[in-house]
1. Can you tell which of G62, G96, G258 shows the greatest fluctuation in a Gaussian network model of the chain with Cα springs below 10 Å?
2. Can you tell me, using C-alpha contacts under 8 Å and at least 6 residues apart, the relative contact order of the stretch 1-118 as a whole percent?
3. Determine ³J(HN,Hα), in whole Hz, for all residues of the stretch 229-240 in sequence, where each value follows from phi through the Karplus function 6.51 cos²θ - 1.76 cosθ + 1.60 and θ = phi - 60°; x replaces Gly and Pro.
4. Compute the longest continuous run of the chain that contains no exposed chymotrypsin sites (Phe, Trp or Tyr not before Pro); treat a site as exposed when its DSSP state is not H, G, I, E or B and it has at most 16 other Cβ atoms within 10 Å.
5. At 222 nm, what helix-only mean residue ellipticity would the chain give, in deg cm²/dmol to the nearest 500, using -39500 (n - 2.57) for each DSSP H run of four or more?
6. log10 I(q)/I(0), Debye, Cα-only the stretch 43-86, no solvent, q = 0.17, 0.33, 0.34 Å⁻¹?
7. Explain nothing, just compute: Karplus ³J(HN,Hα) = 6.51 cos²θ - 1.76 cosθ + 1.60, θ = phi - 60°, for every residue of the stretch 284-295 in order, whole Hz, x for Gly and Pro.
8. Please state the charge dipole magnitude for the chain, taken about the Cα centre, from unit charges on C-beta atoms (+1 on K and R, -1 on D and E), reported in debye and rounded to the nearest 20.
Amino acid sequence: MNPFNYQRATAPDQAVKAVSASGAKFLGGGTNLIDLMKYNVEHPTTLIDVTHIPFDQIAVNGTNAVIGAGVRNSDLANHEAIRTNYPLLSHALLSGASAQLRNMATTGGNLMQRTRCYYFMDTAFPACNKRTPGSGCAAIHGFNRIHAILGASSECIAVNPSDMSVALAALDATVHVTGPSGKRSIPIADFHRLPGTTPQLDTNLKPDELITAVELPASKFAKHSYYLKVRDRQSYAFALVSVAAGLEMDGNTIQSAGLALGGVAHKPWRSPEAEKFLVGTIVSPDAFRKAADLAVAGAVPRSDNAFKIELAKQSIVRALTLAAQGVQA
């Protein structure tokens with residue numbers, strides 16, 4: 001590992017000022033960043049520890065929920081009010097990583113975690129536009145079984161690895177940040193980026209901005225939501241495809257819907273077309289199959305991942321069916 005300096009921040013302004021130094025990065029639970037430093041993928045000159053800033057509160061009422069950026073994933077997943085009002089988020093978190101990692105990982109850090117693309121994680125492969133812009137994308141003509149089928153570009157076909165972010169997308173979350181220019185709020189749909197010509201940029205967060213909280217609107221899907229994660233093994237594996245499905249229902253009629261996919265794109269993939277179609281429809285297998293077709297429309301498979309298209313469709317139908325039935329994962 002390359003040598004680095006360590007600083008501990010106890011206030012947001014202190015952290016933002018410290019990270020303005022060249023090569024500095026924020027350190028939360030470290031469950032992703034430290035690994036990347038060990039693999040020689042990330043090379044920060046200074047780590048600014050933000051875990052001592054009092055961002056570890058969860059406030060839930062009938063209007064919204066505000067989750068501090070420092071809240072540990074395990075605490076968030078097991079918080080009674082989150083489990084009751086936002087079970088989709090709880091289930092997504094419990095599907096991710098291991099109990100030990102959830103005990104360390106933070107809400108802000110989870111939002112910022114980087115892809116697990118083989119070629120990005122292993123510096124033995126020099127061609128990775130995400131790691132070294134302009135070097136090419138080895139995955140496009142390499143082994144790309146886990147890679148994107150939606151929203152990719154000729155520069156990068158990596159996927160976002162976060163389970164939590166997929167649930168937040170379906171729940172219409174807002175990310176609150178602070179920086180030298182003050183505070184601002186970013187809708188979750190605008191937080192993560194598609195690769196385009198700048199795949200080295202995972203999010204629209206500025207380098208000197210700090211995530212302070214995540215806000216959820218009033219719960220609509222508490223009774224009818226489901227998080228489905230399809231992976232190669234049952235535990236401690238990233239999603240080949242995941243689905244966060246939330247339904248607001250009046251009898252068998254859908255009043256509103258939230259639908260987001262993981263494991264298929266550079267960001268959590270939300271489908272406004274599928275959600276719009278579902279509103280006003282009667283629950284049925286045919287309706288869910290139509291929604292699945294809309295959600296995956298435009299998918300472009302690579303040499304090793306064409307199976308993801310049908311897998312995503314069937315996973316959407318399954319998740320919507322279980323959400324409509326009120327099944328809790």
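1. G62
2. 26 percent
3. Per residue, the Karplus-derived 3J(HN,Hα) values read 10, 9, 8, 6, 9, 5, 10, 6, 9, 7, 6, 6 Hz.
4. 40-142
5. So the helix-based figure for the chain works out to -8000 deg cm²/dmol.
6. The calculated log intensity ratios at q = 0.17, 0.33, 0.34 Å⁻¹ are -0.54, -1.20, -1.22.
7. Once rounded to whole Hz, the list reads 6, x, 5, 5, 5, 5, 5, 4, 5, 4, 5, 5.
8. 400 debye
Every number here is computed from the coordinates shown, using simple stated rules; none is lab data. Please read all numbers here as calculations on a predicted model, not as lab measurements. Methodologically, a virtual Cβ is constructed for each residue, glycine included, from the backbone with ideal geometry; neighbour enumeration extends over all protein chains shown.
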